[in-house]
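Any read-out appearing in this document is the output of simple, stated calculations on the displayed coordinates, not a laboratory observation. Remember, predicted model here, so these are calculated numbers, not experimental data. Reconstructed Cβ throughout: ideal geometry from the backbone, glycine too, with neighbour counts over all protein chains shown.
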Amino acid sequence: MSVLRLDAATLAAINGAVVRARAKPIAWERIKEGARADDSNTMRLADRPTDWERPPVSELVSVPIDFRCSISFEYQPAGLFRHLSVSLGRGQLLPPIPSFEAIATAFGFSDPTMVVGRTWLEEFQPGCWAVNRIELCREDA
């Protein structure tokens, strides 16, 4: 099992990634074809259109020991959302829930009840999975 370490250097890397990602939000037109219209809590590669091209990831951060995090900001019909994706190791295992929650908090996610957001599992390569969360940004975020 991987152990989560959020030391000062890791937190600085996370903060830098958030600032850089916030400065270059992804337009809805770039992601809408790959979005799901239902409330499913999983997104398999087979669920996406075969001709859909994944937009470039805004910012990547490796969190010791073996967490891989991707943060982006995306315009969606309801407004601007922050989007976090966290995988573990080679992606065949999912991060433990307490670790994912701590990482989400470090990336600025603030709505533990997910009133304006959602969490799901997403296959990003064949057989490799990540936990994803989106949250509507507050005006001051």
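In order along segment 18-26, the Karplus-derived 3J(HN,Hα) couplings, from 6.51 cos²θ - 1.76 cosθ + 1.60 at θ = phi - 60°, round to 4, 4, 5, 5, 5, 6, 9, x, 8 Hz, and Gly and Pro are given as x. 3J(HN,Hα) along segment 100-109: 4, 4, 5, 5, 4, 4, 4, 7, x, 6 Hz, from the Karplus curve 6.51 cos²θ - 1.76 cosθ + 1.60 with θ = phi - 60°, whole Hz, x for Gly and Pro. Coupling constants for segment 7-14 follow from the phi torsions by the Karplus curve (6.51 cos²θ - 1.76 cosθ + 1.60, θ = phi - 60°), and in residue order they are 7, 4, 5, 5, 5, 5, 5, 4 Hz; glycine and proline get x.
Residues within the reach of a label modelled at Gln125 (point 7 angstrom out along Cα to beta-carbon, backbone nitrogen below 20 Å), restricted to segment 64-86, are 64-72, 84-86. Here's the picture: a label point sits 7 Å out from the Cα of Arg138 along the beta-carbon direction, and within segment 78-103 the residues with their amide nitrogen under 17 Å of it are 80-83.
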